[in-house]
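The values are calculated or read from the model by the stated rules, or taken from the named source; none is laboratory data. Since this is a predicted model, take the numbers as computed values, not measurements. All Cβ positions, glycine included, derive from the backbone under ideal geometry; neighbour counts span all protein chains shown. Please note that ligands, DNA and RNA were not included when accessible areas were found on the heavy atoms of the full protein model with its side chains. Shrake-Rupley method; radii C 1.70, N 1.55, O 1.52, S 1.80 Å.
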Amino acid sequence: MAQVLRRLRSSQPVARFQRCCGLFPAAEEGYVVKNYFYYYLFKFSSALGEEIFYITFLPFTYWNINHDVSRRLIMMWCIVMYIGQVTKDILKWPRPHSPPVVKLEMRAEYGMPSTHAMAATSISFTFCIATINQNKYSLVLGLMAAFVFSTLVCLSRLYTGMHTVLDVIGGTLISAALIALTYPAWDIIDHLMLTSPFCPILSIVVPLLLCYNYPKLEDYSPTRADTTTVLGAGAGATIGFWLNNLYAAPDYPNESLHLNLPPISEMMMVVLAKFLVGVFILLVTRYFIKGMALRVLCSRYQVSVNNLEARRRLEIEVPYKFITYSSVGFSATVLVPLVHDLLGLI
C-alpha cells in the first residue's frame, strides 16, 4: 500500500500523462504543444476551478435557475474550499517536481488535496442532487454530466502539472465524503440560513474567526487569501439570502419578457441580459470596494498600497479580502436582483 501511495505521489505518472496528451518539455524551461485539442481543452477545464468561474456560475444559478439550488451550491463551495485549503497547509505536500513535469501555471501553495478537484466535484454533484427533484431530467443523465465535468477539471490539473494523481484522487474523495456527511442537514442549514435572527452576525463572525485563526506557515502562501475570498463571498451571499427572505423579495419567475420572438430566443435573450448586467455590477463592486478597503487599511497601518509584502500582512489581507468579496456576494444576491427588477428582467 505504501508503495502504491509513493507511486501516486511521484511526478512520473503526471509526466507520462502530459506526453500522451502531446505536451513535451523544451529548452529553457519552456514546452512544446503537439496536440492543441488537449491543450485548449484542459486549459479551459482548469479555468473552471478559478475565480472567474465562481464569480460567474454561482451568481448565474441564483439569477436564472433556482434560489434553493444556489444556496446549497454556495454552502457546499464554502465548506469544501475551507477544508481543502486548510488541509493543504497542514499536510504541506509539495506539488509535482519540474522536471520531469511540465508546469503550465505557477502557484506557491501546497498540492494535497487538489482544491480544483474538490470544488469541481462538490459543485457538479451538489448541482445534480439539488436540481434532480426540481427538473425533469434523468438522474443517470445528471450524474453523467457531473462526472464528465469533474473528470475534465481533475485531468486538467494533471495536464497543467499542478497536481499528482494522489492529489486529485484525495481531493475528489474528500469532497464526496463532505457531500455525503452534510446532505442530511442541507434542509436544516438552509432553514436556519433564511430564518434565524442570528444568521447575519454568525455569517460575519464565524468566517472572520476562521480566517484570522488560519494555520500559520513559515513562508507566505496564498491559501489564506483564497480562503478569505471564498468565505467572504459566502458571508455576503448568506446575508443577502436572509434579507431577501425577511423582506419577501420577489423570486425570479419562469416566464420571460413578452417580446415578439420565439419562446426559446426570448428566454435566451433574458438570460443573457441578466448575466451581462449582473457580472458588470459584480466587477464594478469588486473594483471599487477593493480599492477603497485597501486605501483605508494601508492608511491605517501607514504602508503604501503598492507594497505587496505589506498587503500580505494578516491585519491587512484578511479584512480587505473579506470586505471586498462579502460586498460581491451581497451585491449578487441583493443589488443585482433589484437592478434586474428595475430593468424589467424579472
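Numbers for the structure displayed
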item: Estimated 222 nm signal from helices in the chain, with DSSP H stretches of n ≥ 4 weighted -39500 (n - 2.57), rounded to 500; result: -23000 deg cm²/dmol
item: Probe 1.4 Å, protein heavy atoms only - accessible area per residue of the chain in square angstrom; result: 52
item: Heavy atoms of HIS340: accessible area, 1.4 Å probe, square angstrom to 10; result: 0
item: Förster-model FRET efficiency, 30 Å R0, ASP190 and SER138, C-beta, rounded to 0.05; result: 0.75
item: Virtual spin-label span in nm between TYR212 and ASN306, 7 Å along Cα→Cβ; result: 3.2
item: Contact order normalised by residue count of the chain, Cα under 8 Å, 6+ apart, percent; result: 20
item: R0 of 22 Å, Cβ-Cβ distance ILE52-ALA273: FRET efficiency to nearest 0.05; result: 0.65
item: Segment 1-183: relative contact order as a whole-number percent, Cα under 8 Å and 6+ apart; result: 31
item: Among 188-200, 313-325, the order from most to least packed when residues are scored by Cβ within 10 Å on average; result: 313-325, 188-200
item: Area of PHE57 that stays accessible when all protein chains are in place (1.4 Å probe, Å², to 10); result: 50
item: Rounded percent of accessible protein surface that carbon and sulfur make up, segment 1-183, 1.4 Å probe; result: 67
item: Gaussian network model of the chain, Cα within-10 Å springs - most flexible of SER138, SER124, SER45; result: SER138
item: Using a Förster distance of 30 Å, the FRET efficiency for LEU283-VAL86 (Cβ separation, nearest 0.05); result: 0.55
item: Euclidean distance between Cα centres, segment 71-134 to segment 305-346, Å; result: 22
item: Sequence-distant residues sharing a close amide H with TYR31 (under 5 Å, placed H); result: ALA26
item: Which of LEU181, LEU276 is most accessible, then next, and so on - probe 1.4 Å; result: LEU181, LEU276
item: Segment 262-346 - percent of accessible surface contributed by carbon and sulfur, probe 1.4 Å; result: 68
